[in-house]
Amino acid sequence: MPRRELPFENNGYYHVFNKMIDRHRIFTYNMYAERFMKLAQYYRSTESKIRFSKLRQMSDFEQQTVWKKVGLQKNLRIKIIAYILMPNHFHFILQQKADNGVSTFLHHMIDSFTRFYNSKNHRKGPIFLTQFKSVRIVSQEQLSHTSRYIHLNPYTSNIVKNVENLVSFKYSSFQHFLSPGLSSFCEPKIILELFSKDPLVYKDFVVSHAEHQKSLGYIKDMEKVRKNGKHPF
């Protein structure tokens, strides 16, 4: 993975995203989406010292011992604040908690997933673009708006036709924002605190902007079509 010009800073928030080569729609398959999220849960910790594939070969007791260490807040290299898996790309909002946490997390997660996918499909080579993209989040307003953008992705892209169906979109942290105790690895409270800790206030914040974001997405997509003749993602 090429070295980044600007390093990530501890306690900083970042919107990170990457897409698959040739627009493969891998995350339409539950097996791959669930594996990817399990890898995210595992490699967010500095205690993920054993390859995930090796961990799966250990006894149940040994696995449980490792997962307990992985789940401890003091061992996190990053916190996952929000996420979504789209058919051929992903978005995360991450807070870095340890030096090189964001880069290490993404490197291990993508590398492990690529090896898993390639072994299942008898192929070689990368699945994702070599360099992921990132945006430093510098204000509370940017943090909340970025989370809304992420959670509206399935509606903006017409994967769900009704904005109310976003709540049941499986591989999204939106459901965790509406039921904060639901997730063992996503931490929405940081953003919910900006909405009086009220999930319904946050839901209205997201849903009320749905049509506007969809219209902006359509304009952006048509501009890309005009320039290169291809739809993005």
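Within the range 64-106, track down each residue that is surrounded by fewer than 22 Cβ atoms within 10 Å (Cβ to Cβ) and among the basic types (K, R). Correct list: K68, K69, K74, K79, K97.
Restricting S139, S157 to residues that are touching a strand residue (DSSP E or B) at 6+ places or on another chain (Cβ under 8 Å) and either surrounded by fewer than 18 Cβ atoms within 10 Å (Cβ to Cβ) or at pLDDT below 95 (or both) narrows the list to S157.
Considering the range 158-172, and only residues there that are hydroxyl-bearing (S, T, Y) and touching a helix residue (DSSP H, G or I) at 6+ places or on another chain (Cβ under 7 Å), the residue that is nearest to Q213 (Cα to Cα) turns out to be S172. If you go through the range 107-132 and keep only what is basic (K, R), surrounded by fewer than 13 Cβ atoms within 10 Å (Cβ to Cβ) and part of a helix (DSSP H, G or I), you end up with just K120. If the condition is being β-branched (V, I, T) and either surrounded by fewer than 16 Cβ atoms within 10 Å (Cβ to Cβ) or closer than 27 Å to F105 by Cβ (or both), then the range 182-212 contributes I190, I191, V201, V206. Screening the candidates S172, S168, S147 for the property of being surrounded by fewer than 15 Cβ atoms within 10 Å (Cβ to Cβ) and of a type outside the set (A, V, I, L, M) yields one hit, S168. The set of residues in the range 52-70 being in a helix (DSSP H, G or I) and among the basic types (K, R) consists of K54, K68, K69.
All told, V207 falls short of being hydrophobic (A, V, I, L, M, F, W, C), under 29 Å from K79 (Cβ atoms) and at pLDDT 95 or above. Of all the numbered requirements in (1) farther than 28 Å from N11 by Cβ; (2) assigned to a loop (DSSP other than H, G, I, E, B); (3) in contact (Cβ under 8 Å) with a residue 60 or more places away in the chain; (4) of a type outside the set (V, I, T), A98 misses one, and that requirement is (1).
Residues of the range 39-56 that are surrounded by fewer than 17 Cβ atoms within 10 Å (Cβ to Cβ) and touching a helix residue (DSSP H, G or I) at 6+ places or on another chain (Cβ under 9 Å): K49, I50, R51, S53, L55, R56.
Residue pairs whose Cβ atoms lie under 8 Å apart, sitting 6 or more positions apart in sequence or on different chains, and linking a residue in the range 126-151 that is within 17 Å of I81 (Cβ to Cβ) to a partner that is buried (at least 20 other Cβ atoms within 10 Å of the Cβ) and of a type in the set (D, E), do not occur here.
The values are calculated or read from the model by the stated rules, or taken from the named source; none is laboratory data. Bear in mind that the values here come from a model prediction, so they are computed numbers and not experimental data. Glycine also receives a Cβ, built like all others from the backbone with ideal geometry; neighbour counts cover every protein chain displayed.
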